[in-house]
Amino acid sequence: MRTHYCGSVTADNLDQQVTFCGWVHRRRDHGGVIFVDLRDHTGLVQVVFDPDRAEIFALAEQLRNEFVLRVNGKVRHRPEGTVNPDMATGEVEVLGQGLEILNRSETPPFQLDDTDVSEEHRMRYRYVDLRRDEMQKRIRMRSAIISRLRSFLDAEGFLDIETPILTRATPEGARDYLVPSRTHGGNFFALPQSPQLFKQLLMMSGMDRYYQIARCFRDEDLRADRQPEFSQLDIEMAFVSEEDIMQMTESMMRSLFREQAGVELPDPFPRMTYAEAMSRYGSDKPDLRVDMELTDLSDAMKPVDFKVFSGPANSDDGRVAALCVPGGSRLSRKEIDDYTDYVSRYGAKGLAYIKCNDVAAGREGLQSPIIKFFDDDVIETILTSTGAQTGDLIFFGADTTDVVNDALGALRLSVAADMNLIRDEWQPLWVIDFPMFEYDKREKRWQAIHHPFTSPSTLEPEELRNNPGASLSRAYDMVLNGTELGGGSIRIHDCDLQQAALDVLGIGPEEADEKFGFLLTALKFGAPPHGGIAFGIDRLVMLMSGADSIRDVMAFPKTQSASCLLTGAPGQVGDKQLRELSLRQRKPSTSTEPA
């Protein structure tokens with residue numbers, strides 16, 4: 001139907017007869033001559049219809065935005081003064097000599113070049129939204145990124161192996177999406193949260209190196225970088241150490257960024273322990289483009305009379321820390337109050353501060369309602385420890401360690417964004433030496449930081465059972481610009497050690513056999529040491545394309561309430577189908593009481 005794509009015609013095609021297919025991007029009638037910008041996935045080309053061809057001109061007068069056309073014509077130079085250097089086809093135009101309307105369009109729900117369209121409207125008419133140049137580029141970048149990742153892993157000897165979508169429910173951290181079985185009434189499949197158990201089984205099957213662009217499903221609360229269904233690059237290797245996996249995936253990311261973005265990532269990536277990351281940045285995925293760090297002041301605050309600080313400083317699970325903001329003394333009281341409201345979302349009860357108007361003047365050069373509680377030695381310690389200079393502002397956090405880290409870690413990024421303190425560069429990082437378990441005080445039980453199949457630093461089952469809080473895990477996360485790109489670990493390959501890890505989590509032998517029996521049995525038949533990692537494809541594309549949300553790099557995403565505005569999913573099904581599945585339709589409530 002076509003000889004050329006719209007965006008491919010240049011001066012090299014002068015005087016050639018060409019045929020295009022595409023959409024009307026815009027139509028302009030200039031004094032009896034009709035100009036149409038015709039669009040396809042490669043770009044725009046300007047087509048001119050003049051009244052000399054009366055039948056074609058009459059048809060061109062009917063054209064409106066998003067009509068689908070087939071156009072034949074001759075390539076010629078644009079008249080002097082009308083060349084558009086911003087268009088790849090800006091030197092030429094096509095004199096329309098043939099026109100066929102392949103399909104008409106109602107008035108589009110929004111103009112493709114309108115930047116002020118609500119996300120809800122865009123998602124409801126996603127097929128129109130995806131025509132926009134920005135979305136076309138993102139989806140094409142996604143395809144190119146996946147292709148390059150596949151090529152790299154293929155060359156490294158990995159096998160692309162699919163794993164089941166219909167499997168059984170296993171406790172992996174989030175809620176499962178369940179699928180009722182017609183042939184086994186009353187029983188359910190679960191959609192996989194990840195291929196974790198199957199990729200371990202593949203290593204036990206002698207596959208040695210596996211990868212997959214896997215679809216994963218998690219029924220959890222959503223945010224900008226979460227979706228109920230998402231894609232991850234899943235990798236597993238046998239007979240490897242942490243170092244082997246980290247070096248291989250570093251090389252993969254350096255190759256990807258070099259080929260796709262023309263960016264040279266560092267070699268090697270810097271590494272940081274979990275404990276150091278939390279202490280310095282209040283986060284296990286620190287953004288190294290921001291130079292501000294948290295300064296621990298717990299020791300200095302233990303003897304002060306100010307109980308807001310001395311209380312947490314003397315508590316076993318408390319912390320007092322400071323965040324020095326360069327140039328922050330210019331912040332107004334309203335801006336500081338806004339930041340106080342912001343950190344309250346993370347459990348902080350307040351946000352103390354000191355404005356450093358003149359550091360050389362000591363106490364007299366500082367402005368703060370808390371200065372009166374500190375003697376000169378404590379003030380000197382604060383200024384020296386934080387490295388504060390004249391014109392800076394120091395924020396303080398004093399509470400449990402978790403609250404201080406969460407609040408100041410989030411504040412650090414918020415202030416940096418507001419004050420343009422984020423460097424425009426790429427900063428990858430490995431975070432290592434995570435705790436194996438964390439204790440949930442509310443539920444009074446241990447929980448796995450990653451998942452129950454991560455290998456602990458100790459290989460003695462009884463040592464793990466007796467002192468779970470002391471064991472580190474053999475896990476590692478790759479972080480890029482404050483976003484966790486991927487995480488993985490060396491897996492447990494010994495059955496006794498695996499049962500010990502499950503015991504710590506309160507999963508006894510009977511429950512373990514019910515939920516993981518197939519894995520525990522496989523571990524008894526010569527399981528090799530193995531490990532792997534999984535990367536979030538959506539997050540990776542979001543970062544590389546500069547999008548604000550993974551919804552903008554997925555063709556058909558869900559809303560934050562996990563619904564599809566385009567198709568109306570989820571929806572109800574008929575009673576007959578429900579009976580076949582041994583289920584009943586939930587009747588709408590007729591109560592007038594508030595929900």
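The values are calculated or read from the model by the stated rules, or taken from the named source; none is laboratory data. These figures come from a predicted structure and were not determined experimentally. When we count neighbours, we look across all protein chains shown, and the Cβ atoms used for this are built from the backbone with ideal geometry, even at glycine.
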Number of the condition not met by Val308 [criteria: (1) in contact with a helix residue (DSSP H, G or I) (Cβ under 8 Å, 6 or more places away or on another chain); (2) farther than 23 Å from Thr483 by Cβ; (3) touching a residue at least 24 places away in the same chain (Cβ under 8 Å)] = (1)
key: Qualifying position, being buried (at least 18 other Cβ atoms within 10 Å of the Cβ) and under 19 Å from the mean Cα position of the chain (by Cα), among Gly397, Gly409   = Gly409
ask   = Across segment 466-485, what is the total count of residues that are out of contact with any Pro (no Cβ under 9 Å at 6 or more places or on another chain) and among the β-branched types (Val, Ile, Thr)?
value = 1
Within segment 145-161, tally of residues that are surrounded by 15 or more Cβ atoms within 10 Å (Cβ to Cβ), of a type in the set (A, V, I, L, M, F, W, C) and in a helix (DSSP H, G or I) = 5
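Just one of Gln46, Gln97 is among the polar types (S, T, N, Q), modelled with pLDDT of 95 or more and more than 42 Å from the chain's Cα centre (by Cα); which is it? Quick ask: steps written out before the conclusion?
Values: Gln46 fails: more than 42 Å from the chain's Cα centre (by Cα).
From the options Gln46, Gln97, the qualifying one is Gln97.
Listed here are the residues, each with its yes/no results for (1) in contact with a Lys or Arg (Cβ under 8 Å, 6 or more places away or on another chain); (2) basic (Lys, Arg); (3) not assigned by TED's automatic domain parsing to the domain that holds Thr249.
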site	(1), (2), (3)
Ser455	yes, no, yes
Glu462	no, no, yes
Gly482	yes, no, no
Gly487	no, no, no
request  = Evaluate the following for Gly185: is it at pLDDT 95 or above and surrounded by fewer than 20 Cβ atoms within 10 Å (Cβ to Cβ)?
outcome  = no
query = When His451 is evaluated against the numbered criteria (1) farther than 30 Å from Phe525 by Cα; (2) in contact with a strand residue (DSSP E or B) (Cβ under 9 Å, 6 or more places away or on another chain); (3) modelled with pLDDT under 95, which criterion, by number, is the only one it fails?
reply = (1)
note = Residue hits (segment 28-50; surrounded by fewer than 16 Cβ atoms within 10 Å (Cβ to Cβ) and either within 16 Å of Gly98 (Cβ to Cβ) or not assigned by TED's automatic domain parsing to the domain that holds Glu93 (or both)) are Asp50
query = Of everything in segment 240-259 that's surrounded by fewer than 16 Cβ atoms within 10 Å (Cβ to Cβ) and in contact with a helix residue (DSSP H, G or I) (Cβ under 9 Å, 6 or more places away or on another chain), which residue is farthest from Gly488 (Cα to Cα)?
reply = Glu259
query = Out of (1) over 27 Å from Gly488 (Cα atoms); (2) in the same structural domain as Phe217 (by TED's automatic domain parsing), the odd one out for Arg584 is which?
reply = (2)
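Could you list, in sequence order, the residues of segment 130-168 that are hydrophobic (A, V, I, L, M, F, W, C) and without any contact (Cβ under 8 Å) to a residue 24 or more places away in the chain?
Restricting attention to segment 130-168, the residues satisfying the condition of being hydrophobic (A, V, I, L, M, F, W, C) are 130, 135, 139, 141, 144-146, 149, 152-153, 155, 158-159, 161, 165-166.
Listed by number, the list holds a single entry, Ala155.
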request  = Only residues that are in a loop (DSSP other than H, G, I, E, B) and touching an Asp or Glu at 6+ places or on another chain (Cβ under 8 Å): list them for segment 274-303, please.
outcome  = Gly282, Asp284, Lys285, Arg289
remark   = For segment 18-57, the count of residues that are among the aliphatic types (A, V, I, L, M) and outside any strand (DSSP E or B) equals 2
ask   = Is segment 412-431 home to any residue that is within 27 Å of Val320 (Cβ to Cβ) and part of a strand (DSSP E or B)?
value = yes
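Can we say Tyr211 is surrounded by 19 or more Cβ atoms within 10 Å (Cβ to Cβ), closer than 30 Å to Cys495 by Cα, hydroxyl-bearing (Ser, Thr, Tyr) and touching a residue at least 24 places away in the same chain (Cβ under 8 Å)? Talk me through it step by step, then tell me what you get.
On the way: surrounded by 19 or more Cβ atoms within 10 Å (Cβ to Cβ): yes; closer than 30 Å to Cys495 by Cα: yes; hydroxyl-bearing (Ser, Thr, Tyr): yes; touching a residue at least 24 places away in the same chain (Cβ under 8 Å): yes.
Spelling it out, Tyr211 is indeed surrounded by 19 or more Cβ atoms within 10 Å (Cβ to Cβ), closer than 30 Å to Cys495 by Cα, hydroxyl-bearing (Ser, Thr, Tyr) and touching a residue at least 24 places away in the same chain (Cβ under 8 Å).
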query = Val320: assigned to a loop (DSSP other than H, G, I, E, B), of a type in the set (Val, Ile, Thr) and in contact (Cβ under 8 Å) with a residue 24 or more places away in the chain, yes or no?
reply = no
